[in-house]
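The values are calculated or read from the model by the stated rules, or taken from the named source; none is laboratory data. Given the structure is predicted, the values throughout are model-derived calculations rather than measurements. Using ideal geometry, Cβ is built from the backbone for each residue, glycine included, and neighbour counts are taken over all protein chains shown.
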Amino acid sequence: MVAHGIRESGLKWLENTQLPFPLVLDKELRLYRALGLRKSVLGVWRIDSVLGYAEERLAGVKGAPVYEGDDLHVMGGDFFVDSEGRLVYSYRSAKSRDRPSVEDLLGVLSKQTP
Amino acid sequence: MGSQTPYGLKSRASVGGARVQSRARELASSIRYPSMADATEGPGLAKRPRLEDEGGKCLLLAALQKLAAGVTEVVEESQAAYKAAPNLQDYINFRNEFGVRRTFRAMPMYVECMSSLGVSTRRELEELWKAHFKDEGVREKVDELIHVEESFDEFLAEVDEELKRDEAQLLAPHVVEDREKLPLDVALVDARSGGTIKLESLCDKEDNSHLTLLILMRHFG
């Protein structure tokens with residue numbers, strides 16, 4: 001996992017989630033920018049995001065906290081790289097909660113299996 | 001905006017049925033919108049039965065009228081705050097309670113509208129208003145709501161354009177495309193140890209059939 005917040009928030013998040021994988025921080029957003037990820041207010045606050053949160057609220061889902069040092073406008077993405085560091089798959093989120101499905105990601109891996 | 005809406009309605013059609021409008025205004029004023037604090041704390045709102053009779057149609061119209069008016073106010077207030085902000089970074093700073101985060105005021109308005117009508121998703125809300133499309137007042141309010149929702153996103157797109165220009169100098173000289181190598185010498189911080197590591201240490205060099213999945217988060221929340 002790659003994040004861009006402060007280490008203290010990262011440690012708190014690790015404690016909350018018990019993530020079993022490495023968590024690295026890219027505070028200067030160098031990797032984010034190299035992968036074409038930029039900030040967006042439309043991606044975060046657009047009306048269908050507002051509706052999504054409203055529907056969650058009605059379903060009784062609690063809102064996520066904002067951690068110290070978080071910049072909510074940085075867009076995320078999912079990327080597969082091979083052993084040489086070459087990009088073999090990229091998914092750049094256009095809005096909040098926009099991520100590839102697990103099936104899509106597993107599909108990328110299955111293509112790699114000899 | 002064009003004269004046709006996605007529902008094939010006339011924009012800003014004049015509405016007959018003054019008595020329906022008057023009743024709708026009475027009902028609209030009786031609907032309370034929760035505050036932002038209500039939206040982030042407390043239990044979910046209780047569902048009410050679906051509305052399908054004549055009295056139900058009035059409540060639908062009132063709820064749509066209130067929602068459209070509320071979202072319009074959010075858009076107008078946001079546009080004014082953006083123009084008044086000393087600079088773009090100040091406006092988009094999450095800690096600025098008068099900045100872009102105020103657009104989120106629209107969220108509890110949708111919660112209240114949907115809850116008051118006994119629906120819990122946008123799709124259900126649309127099914128409800130489509131079931132009452134014979135009512136010209138309902139059609140007009142739906143048209144108005146869709147128009148203001150488009151304005152909401154158009155405003156944010158405008159801010160995004162300025163953000164893009166603002167960030168242009170910060171962008172990497174080259175965005176990595178498929179089959180290209182990432183900048184493997186990028187220094188990252190291992191959150192657990194606090195130590196510096198290079199991106200290449202995350203690539204699995206032991207087995208060239210293995211891939212490494214990098215999930216770049218939006219934020220910890």
Original post:
How many of the residues making up region A:94-109 are in a loop (DSSP other than H, G, I, E, B) and surrounded by fewer than 15 Cβ atoms within 10 Å (Cβ to Cβ)?
Top reply: 3
Subject >> 2 or more residues away from chain A (no Cβ under 14 Å), at pLDDT 95 or above and in contact with a helix residue (DSSP H, G or I) (Cβ under 8 Å, 6 or more places away or on another chain): qualifying helices (runs of 4 or more DSSP H) within region B:13-129 >> reply: B:54-84
Original post:
Condition test on B:LYS164, is it touching a helix residue (DSSP H, G or I) at 6+ places or on another chain (Cβ under 9 Å) and assigned to a helix (DSSP H, G or I)?
Top reply: no
Subject >> Failed item, numbered, when B:LYS134 is tested on (1) assigned to a helix (DSSP H, G or I); (2) more than 7 Å from every other protein chain (Cβ to nearest Cβ) >> reply: (1)
**OP:** May I ask you to say which residue of B:VAL119, B:VAL138 is among the hydrophobic types (A, V, I, L, M, F, W, C), on the phi < 0 side of the Ramachandran plot, touching a Phe, Trp or Tyr at 6+ places or on another chain (Cβ under 9 Å) and buried (at least 16 other Cβ atoms within 10 Å of the Cβ)?
**Re:** B:VAL138
